[in-house]
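Have a look at the structure below, then the notes.
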Amino acid sequence: MKQKTLGIIILIDLVLLLTWLALMVVLGASGQMPGDFKEAVAFAAEGDWLFYTLNYANASMYAILNGLVFAGLYAMLKDDDPGWAAMGVVLVPVIVFINLFSYLSQLVLVPGLIELAAAPESGAAAEVLLRSLLQTSPESALLYFDQFGYFLLSVPGLVFGILLYRRGKPHKVGGALLASSGAFCAPIGLGVLAGIGWLVDAPSMIGGVLMMLAFGFIGVNLLRHQPEMVLGAEKDLK
């Protein structure tokens, strides 16, 4: 993979993340955000094309591209420090699985469960599953499962952020932002396990903003600083 290709993937991933954020802000401002389980079921059953279908399809693509981003960073940085680069990438497949299951399940599993919940013979069992899998419900277990994936993301964020920072210009700012994002996401794990909501929400928000800034700096710098070379052989970019 060439550094320009990785830069394009990172910037596309950033656009997907910004799209998700914009849709969530508009949804919240519109007053359509579900406040309880019944409202969440009605929201999913309606399947609004923008705030539900497109939003979760966009989030699924983001999860896939996010995995490609960190795989690309591993390829770029593995020659700098093979041991740390390997530790940074080892959790990436798990993170992608968690996030992808969380988002795709809303498009693939939830509609069928809503239909089953309306049938007398399967209603009780389907409702139990819905309460766990319906991500827009405040009592959703899947919501915390997804957030735990972002806690795991703190590891590649910290590792690759530090490795980028150590490369010097032009990667110092992007590396520092990515490492900071990982540091802020680290407390999410404690918040999920202890059931402390603010320890999940606040670090997720701060870490997400820092990651968006990091992707912007890293993606633009990879596009700007040429010539095209195989990742991992860019020592002259220090």
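The values are calculated or read from the model by the stated rules, or taken from the named source; none is laboratory data. These figures come from a predicted structure and were not determined experimentally. Glycine also receives a Cβ, built like all others from the backbone with ideal geometry; neighbour counts cover every protein chain displayed.
Could you list, ordered by first residue, the pairs with Cβ atoms under 6 Å in which the first is in region 13-27 and free of Cβ contacts under 8 Å to residues at least 24 places away in the same chain and the second is assigned to a helix (DSSP H, G or I) and of a type in the set (Ser, Thr, Tyr), at least 6 apart or interchain? Nothing qualifies. Screening the candidates VAL110, VAL96 for the property of being modelled with pLDDT of 95 or more, more than 18 Å from PRO34 (Cβ to Cβ) and aliphatic (A, V, I, L, M) yields one hit, VAL96. With a requirement of 2 or more residues that are surrounded by fewer than 16 Cβ atoms within 10 Å (Cβ to Cβ) and not aliphatic (A, V, I, L, M), the helices (runs of 4 or more DSSP H) lying completely within region 1-104 that satisfy it span 3-30, 37-46, 82-89. A single entry from LEU153, LEU223 fulfils the requirement of being touching a residue at least 40 places away in the same chain (Cβ under 8 Å), surrounded by fewer than 17 Cβ atoms within 10 Å (Cβ to Cβ) and within 25 Å of THR5 (Cβ to Cβ): LEU223. For region 197-209, state whether one or more residues are assigned to a helix (DSSP H, G or I), more than 16 Å from the chain's Cα centre (by Cα) and surrounded by 17 or more Cβ atoms within 10 Å (Cβ to Cβ). Looking for residues that are assigned to a helix (DSSP H, G or I), more than 16 Å from the chain's Cα centre (by Cα) and surrounded by 17 or more Cβ atoms within 10 Å (Cβ to Cβ), one finds at least one in region 197-209, hence yes.
I want to confirm something. Restricting to region 124-140 and keeping residues that are of a type in the set (Ser, Thr, Tyr) and in contact with a Ser or Thr (Cβ under 7 Å, 6 or more places away or on another chain), which single residue is modelled with the lowest pLDDT? Checked region 124-140; the qualifying residue modelled with the lowest pLDDT is SER140. Restricted to region 127-150, and to residues there that are under 20 Å from MET61 (Cα atoms) and not in a helix (DSSP H, G or I), the residue that is farthest from the chain's Cα centre (by Cα) is LEU134. Would you confirm whether or not region 107-126 contains a residue that is without any contact (Cβ under 8 Å) to a residue 60 or more places away in the chain, closer than 22 Å to LEU27 by Cα and either touching a strand residue (DSSP E or B) at 6+ places or on another chain (Cβ under 7 Å) or assigned to a helix (DSSP H, G or I) (or both)? Yes; the residues of region 107-126 include at least one that is without any contact (Cβ under 8 Å) to a residue 60 or more places away in the chain, closer than 22 Å to LEU27 by Cα and either touching a strand residue (DSSP E or B) at 6+ places or on another chain (Cβ under 7 Å) or assigned to a helix (DSSP H, G or I) (or both). Among residues of region 165-180 that are in contact (Cβ under 8 Å) with a residue 40 or more places away in the chain and among the β-branched types (Val, Ile, Thr), those with a Cβ under 6 angstrom from a residue that is surrounded by 17 or more Cβ atoms within 10 Å (Cβ to Cβ) and assigned to a helix (DSSP H, G or I), sequence gap 6+ or separate chain, pair up as VAL173/PHE217.
In the set (1) closer than 18 Å to ILE10 by Cα; (2) buried (at least 17 other Cβ atoms within 10 Å of the Cβ); (3) not β-branched (Val, Ile, Thr), GLY191 fails one condition alone, (1). Evaluate region 157-171: report whether one residue or more is among the hydrophobic types (A, V, I, L, M, F, W, C), more than 16 Å from LEU6 (Cα to Cα), within 19 Å of the chain's Cα centre (by Cα) and at pLDDT 95 or above. Among the residues of region 157-171, at least one is among the hydrophobic types (A, V, I, L, M, F, W, C), more than 16 Å from LEU6 (Cα to Cα), within 19 Å of the chain's Cα centre (by Cα) and at pLDDT 95 or above, which makes the answer yes.
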